[in-house]
Structures are given as structure tokens and as C-alpha cells.
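Data block below; observations after.
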Amino acid sequence: MSSTQRPAGRRMAERPPSRLSGLRSKVRQGWRKVLSVAWPGCMLALFLAMVMAGCAALGFGPAWFDQAAAVTISTAYATSLAVRTGGRPIIFGCLALALGLLAVISDVDLLRTGAAVMTAVSASVLGVMGTRPAVRFRGAVRELGVVLLISGIGAFGVVGYRPVVALDRFDYVALALSFALAAVLVYNLGAGLHGLGKRGAIVVVVGSVGVAIILAYAELLRRYGAPGFVNDVLDVVRWMRENLGAAPKPVQALVGIPAILWGCHVRARRRQGWWVCAFGVALTTSVASLLINPVTGWFEAVLIVVYSAIPGIAVGYALIRIDLALTGPRGRRARREEEESALRPEPSRFLPLL
């Protein structure tokens, strides 16, 4: 019998688990426990924050209620975003808490503004990351409601830090950072740039150009537009605010809302739909920054979103119908069969995506 052969009926003794493997197992179990309590803890914190923000808006309670709500919202959103994207919720949550407390206690304008921008970016990206694939259009509208809820709560956190900034500059910085962070996350979720395909590349290019044109046109109109034309535009906006209560925002209606609707619809079929959803930060950043304008009350902010949602939903529905007409099957029965088999699996809304 050779030295490498074992007698029949005998087994080699199993090696006992090492201390390192045992430590890894304990770390995994502890990490699962952290994730299991992170979402409920964030939900409870957001509920308490909204109570404090509501009391501050109505003039009840101490004067620091809005700041406490802001710190709570920014911490909960940073933690939730880390959980959703497979990051380190404890580390990012503690960093957000430390920055928020430092900004509020020090009362330095620069720190307050930085904390407000951080909150706007967290709310914006979390709103997009918190969506789910939608097989049908009504499901996409439901996801739009989730996005508006998340970014709307973030607006109270942004204004609670009492930032002292130029409104346009704040919007541009928050939008640029939100889109950069969303692009980094979507790069992994959407199979990278090589997985875009020809249609996906067209969508990304058209979306980027659309956002750039809208923002550049507004800035050029404000700075270099003919006085008569600028006054006419301002008169229309002023008339809508006086008679309708608010005026819609083009970046929400033409870019953000259609991107969320169409992107969630495409994600049910192809994960490259994440690249379309990334342009939804044009909506979420705008909603999260609405209340920093001192002349915009919470009721007018709601009307702005409603007036932007009406044409935005129409544009999103048209994009979905065009996409189905070009790529989907012909006939009602074939479309129903396609919808039944279209759901691409994704983790639950409260589980990590990565």
C-alpha cells in the first residue's frame, strides 16, 4: 500500500476551524444583525425628525427643533444610503452625525452649508437608489411617489441647517455631486459602460445634453438675456405664482420625472435601466433644495412638484410607449405575455443592491 492511500473504512480527521474563520463567522453574524436593525432605526429616527420639523414649521417647541431634525435626517439618510449600496453604514452614519453636530454647534456658515449640501446629495441619491423595477406604467408612478417622499423629507433636513448660500450655486453644486455619486453607483449596478449598448449610450448622451442645455439656458437667460424677453418670462412666472400658487420647474418636468418613470420601467427588463434612473437626480436634487429659497413656503413647494409632475408623467408615459413600440412585441396578448415575464429580480427595497 502506497503512502498516499488510506485503509478502507477510515476517514481523515477533519481540521478544527481556525480562530480566524471563527472570527469571520462572528463578524458576518454581527453584520447581519446591524443590517437588520439599521432600517427600522432609520425609520424611527425619520419619524421623530419629521415631528420636530413640523413643530418647528408651526412655531411649537424650542427654536433648535429644526436643527435637531436636520442632524437626524442627514444621519439617517447617510446610514440608509450606505446600507442600500452595500457600504459601511456605521462609519458613514457616524461621519454624518459628527458633521451635522459640528455644523450646528459651531454655527459657522461654511459648515452649515456643507452639511446642507451633504444632506441634499444623500436625499437625492437615496431617492433614486430606493426605487424598484416597474413592469407596468402604474408601478413606475408608484416608484415616483417613493422618490418624491424620500427627497421631500430630505428638504426639511437641508433647510434645517439654515445654509447661507446663493441659490443657483447651491443647486448646481448639489446636482453635480449627486450625479457624480449616482454615476459611480450605477456603473456597478448597470453592468458598466460596456453594458450600455447602442440605445443605452444614446440615452446617456441625450440625457446629459438635455440637463446641460436646460441649466445652461437658464443661466444664460438670467445673465445675458434681452431685458424685454427676461421680463416676459418673469411675468409669466409671477402670474403663475399669483394665480396658481406656484410655477413648475423644467428640470423636474422634462428630465427628472421622465427619467425615473422610464428608468424603472426599463430596469424590469434590463439592468441597464439604471443608467436612465441616474438622471432622476435632476428631480430629487431639485425637490431636496426647494425650501432653501426663503420666499418658497412648504405649500408652494408641494404645488411646484405637482405642477411639474403633470407634464413630467405625460413625457415619461410617451417615452415608455415609444420604447415598447420600437422594442416590444406586437399585439395586446404578446404585450401581456411580455409583462408577465419581464420582472428582472432585484433585492427588496430594504436590502443592499450590491
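Below are the figures for this structure:
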read-out	value
Filter pass, ALA115 being within 14 Å of the chain's Cα centre (by Cα) and among the aliphatic types (A, V, I, L, M)	no
Residue selected from the stretch 82-94 under the condition touching a Ser or Thr at 6+ places or on another chain (Cβ under 9 Å) and open to solvent by 20 Å² or more (accessible area, probe 1.4 Å), by the criterion farthest from LEU353 (Cα to Cα)	CYS94
Matching residues in the stretch 142-156 - criterion: being touching a Phe, Trp or Tyr at 6+ places or on another chain (Cβ under 9 Å) and either open to solvent by 20 Å² or more (accessible area, probe 1.4 Å) or under 17 Å from GLY312 (Cβ atoms) (or both)	ILE150, ILE153, PHE156
Residue selected from the stretch 118-139 under the condition over 15 Å from the mean Cα position of the chain (by Cα) and touching a residue at least 40 places away in the same chain (Cβ under 8 Å), by the criterion most open to solvent (accessible area, probe 1.4 Å)	ARG136
Residue in the stretch 37-78 that is modelled with the highest pLDDT, counting only those that are open to solvent by less than 20 Å² (accessible area, probe 1.4 Å) and over 23 Å from ASP107 (Cα atoms)	CYS42
Candidates GLY297, GLY280, GLY256 - the one that is assigned by the TED database to the domain that holds LEU144 and at pLDDT below 85	GLY297
Only listed residue being touching a Leu at 6+ places or on another chain (Cβ under 8 Å) and modelled with pLDDT under 80, chosen from ARG330, ARG344, ARG335	ARG335
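The values are calculated or read from the model by the stated rules, or taken from the named source; none is laboratory data. These numbers come from a predicted model, not from an experiment. When we count neighbours, we look across all protein chains shown, and the Cβ atoms used for this are built from the backbone with ideal geometry, even at glycine. SASA here: full protein model, heavy atoms, side chains in, ligands and nucleic acids out. Shrake-Rupley method; radii C 1.70, N 1.55, O 1.52, S 1.80 Å.
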